[in-house]
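Structure first, then comments.
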Amino acid sequence: MRSGSRLSERWFTLALWLVAVVFAWFLIGLGSLVVGDLPQVEHRYTLEQFLDTDQARASAEALKQIRREQDDNRRQVEQDRLALEAAQSASEGARETFANWLKTRDATQRVDQDPGLIARTQQLDALKAAERTIEERLAARAQAGLDQSEREATRLRMDDELRAAAQKQLDAAERGQELRVFAYRLALTLPLLALAGWLLLKRRHTRNWPFVWGFALAAAFAFFVELVPYLPSYGGYVQYGVGVIVTLVAGRAAINALHAYRARQAVVEARPDAERRTEIATDQALARLAKKVCPGCERPLALDDASTNYCPHCGLGIFAQCPSCTHRKSTFERFCRACGTPSPDLATQVP
């Protein structure tokens, strides 16, 4: 803010900057909604879209059939285990009865009981055979369970391979979609940034400068904050590559601007002293003098030295005597501080 501005002008300037910030805030909010909703122009991909429908359906049906067979086998195994326990219990009871019967026969030594011995032995053999039959059935069912598990593992492996192939296609489609959405965002934000740059170059000194700065702030935010995070990475190559390009372009522009500034300053410093002073605004000149630099070339000045009347770098006249009261005054002051006499050579200068 210029040191020579009126107090009311300073408050008006602050109010206008507030207008610029509020305008930028609303534009940023609107831009955020638009940029955030841009992905909705693309339909959302799912893994099922890239699966072979027939193969996926056949695989799912095969898995269902295998798991139904496994459930049936487990139920039958449970039933056979219960039957085995019952057979083992019956066989154990028959053996105990047979053992008691043998003790009684040995005690009485009755030969007429030999047919009973044969019958009881045959009964025990039948029970043992039934027990072995159930055990063989359980072994067969265990083998069937192993076969079913192997079939299930094979089918799951095939299903995983099918889904892995579909996932690759899905990833490729999503990457393409991200690039398209990024292109939409770039097509929206880049022209806004270019327009903001043009407005800053051509319209920032007009009476509507708060809207120019507000629009520029919003465009810069949309480009550098809302667009850059969506920049494709590709392992960081794109981001670093863009950073290198931007740095080169910005650095080259800064170098050219510096050389152009030096060339302009050399041309300005070669012009007459009075003409140079009339082209420097009073407020700007006084602000630079307050910083102890030359209002023309902006190089340091030894203002503490009362004999410093000209810039030793560019020869610009800094101090002179008032023609009315001979008081030493700045050549950029429109009126003498001591007597109020106007400076004739600053009559046409912009305040």
Sulfur and carbon atoms: percent of accessible area, the chain [1.4 Å]: 60
Charge dipole (the chain, unit charges on Cβ, about Cα centre) - positive-most of LEU27, CYS297, VAL77: CYS297
Surface per residue (accessible, 1.4 Å probe) for region 262-351, Å²: 57
Amide H partners (placed H, <5 Å) of VAL293, local residues excluded: LEU301
Computed magnitude of the charge dipole of region 275-350 (debye, nearest 20; Cβ of K, R +1, Cβ of D, E -1): 120
Test item: Cα-centred dipole of region 144-278, Lys/Arg +1 and Asp/Glu -1 on Cβ, debye: 1280
Selection from LEU16, VAL181, GLN40, by position along the positive dipole direction of the chain (Cβ): LEU16
For LEU82, net neighbour charge (Lys/Arg +1, Asp/Glu -1) across residues whose Cβ lies under 15 Å away: 0
Under-5 Å amide H pairs with ARG328, H placed in peptide plane, nonlocal only: CYS322
Residue-count net charge about THR154 - beta-carbon cut-off 13 Å; Lys, Arg +1, Asp, Glu -1: -3
Among PRO191, PRO272, PRO295: highest mean-square fluctuation, GNM of the chain, C-alpha pairs under 10 Å: PRO272
Convex hull of region 7-231 built on C-alpha atoms - directionally averaged projected area, nm²: 25.0
Selection from THR308, TYR240, ALA266, by position along the positive dipole direction of the chain (Cβ): THR308
Alpha-carbon Rg/Rh ratio, for region 275-350, with Rh computed the Kirkwood way: 0.93
Cα-centre dipole for the chain with unit charges at Cβ (Lys and Arg positive, Asp and Glu negative), debye to 20: 2740
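The values are calculated or read from the model by the stated rules, or taken from the named source; none is laboratory data. All values reported here derive from a predicted model rather than from experimental measurement. When we count neighbours, we look across all protein chains shown, and the Cβ atoms used for this are built from the backbone with ideal geometry, even at glycine. Surface accessibility is based on the protein's heavy atoms, side chains included, excluding ligands, DNA and RNA. Shrake-Rupley method; radii C 1.70, N 1.55, O 1.52, S 1.80 Å.
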